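Input: a single structure, listed below in structure tokens.
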Amino acid sequence: MINGKKIFKLYDTYGFPIDISNIIAKENNLKIDFYSFEEEMNKQKNISKNFIKKYEWNFVKKKYNPKFLGYYRSSCTIQILQYRIIKINNEKYYQLVFDKTPFFPNIYGQINDIGIIKNEYEKIDILNVKKENNIILHYTKKLPNNLKFKFNALVDYDRRNIIKKNHTSIHILYYLLKKILGKHIKKIGFYMFINYFYFDFYYNSKLNIEKILKIEKYFNKIIIEKKPIIEKFISIEKAKNYFKKYSFCNKEVKKDILTYTFCKNEEIIKIIKLNNIIKEFCLGINIDNTFNINNFKIISYYYISSCIIRIKATTN
């Protein structure tokens with residue numbers, strides 16, 4: 001029996017999915033103590049409640065159908081639909097909901113956009129963007145003087161460009177890991193920061209520096225070859241035929257697809273294509289040509305548990 005506290009530490013500290021831990025345990029004829037895992041999970045939830053306090057929503061407009069435009073645009077004209085006060089460690093913020101937004105939230109392992117909203121009267125910083133109950137929330141320290149005025153929403157372009165490079169690099173890295181290490185590897189997850197990103201995968205053989213250098217070499221070759229990145233939106237029904245070997249449901253795509261968390265209640269899905277070597281489902285934002293990545297470097301690699309390797313890499 002594996003102590004649930006240890007499994008929770010993997011989940012809470014390293015973002016290691018509990019279902020993958022359970023699969024690995026079963027493969028080794030072991031069981032997880034889910035009772036102690038749930039105990040730790042409940043303790044963490046209680047701590048979080050003490051740090052965050054959310055107030056009631058205030059509605060500016062009754063018409064409610066917010067749209068996300070971030071795949072195509074980094075700016076647009078917006079109006080505020082609703083807002084509320086939120087206190088984090090007793091520090092006051094506002095959460096704003098727009099009728100449409102170019103800001104990408106902190107989801108699917110991808111770091112969020114930041115930027116500003118402005119008009120001729122004032123400018124307000126967008127400090128954070130998250131998604132909650134299928135609604136994109138924009139964090140500010142200041143509430144607009146006139147909530148009914150229109151604003152121009154502007155994403156921080158330099159930051160967005162770094163995010164795009166890192167996200168596309170994750171697709172390419174996953175492809176090269178399968179090509180060089182073998183198709184039997186399994187993607188566990190990834191998380192992006194501004195200056196680097198992590199990629200976790202299951203590999204039951206030894207990974208050495210020669211293989212790492214080979215991955216870097218192939219990656220930078222793809223950059224130099226200036227391969228175009230094509231994004232295509234298709235319906236879920238077409239996607240089922242597009243990738244017949246994958247099974248679909250409303251909550252999750254199979255774990256061997258790079259982005260494993262599925263958009264709930266979405267009727268379309270985005271596919272990223274790089275020549276004929278990469279065809280994957282994608283929920284993030286990407287560059288349009290590999291040459292824009294400039295450079296790829298693996299900073300480190302290490303085991304976070306048995307057969308689970310974490311690569312830390314950068315495109316800066």
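Values quoted throughout were computed directly from the atomic coordinates according to the rules given, and no laboratory measurement underlies them. These numbers come from a predicted model, not from an experiment. Cβ placement follows ideal geometry from the backbone for every residue including glycine, while neighbour counts extend to all protein chains displayed.
Under a 5 Å amide H cut-off, with hydrogens placed 1.01 Å from N, Glu280 pairs with Ile272 among residues at least 5 apart or on other chains. Could you tell me which of the pairs Lys9/Lys179; Lys165/Lys297; Lys67/Lys312 are separated by over 22 angstrom between their Cα atoms in the structure shown? From Lys9/Lys179; Lys165/Lys297; Lys67/Lys312, over 22 Å: Lys9/Lys179; Lys67/Lys312. List the residues, sorted by chain then number, that are 5 or more residues from Lys227 or on another chain and whose placed amide H is less than 5 Å from its amide H. Residues meeting the amide H criterion: Thr290, Phe291.
Could you give the distance between the Cα centres of the range 114-145 and the range 29-79, to the whole Å? If you average the Cα positions of each part, the centres end up 16 Å apart. The HN-Hα couplings worked out from phi for the range 279-295 by the Karplus form 6.51 cos²θ - 1.76 cosθ + 1.60 (θ = phi - 60°) are 9, 9, 6, 8, 10, x, 10, 10, 6, 9, 7, 4, 4, 6, 6, 6, 7 Hz, whole numbers, x standing for Gly and Pro.
Please give me the summed charge of the neighbours of Ile278: other residues whose Cβ is under 11 Å from its Cβ, Lys and Arg +1, Asp and Glu -1. Once positives and negatives cancel, what remains is +4. Cross-link check: pairs Lys45/Lys87; Lys61/Lys150; Lys130/Lys273 evaluated at a Cα-Cα cut-off of 19 Å; pairs beyond the cut-off: Lys130/Lys273.
When the alpha-carbon atoms of the range 168-220 are used, the pair Rg, Dmax equals 11.0, 31 angstrom.
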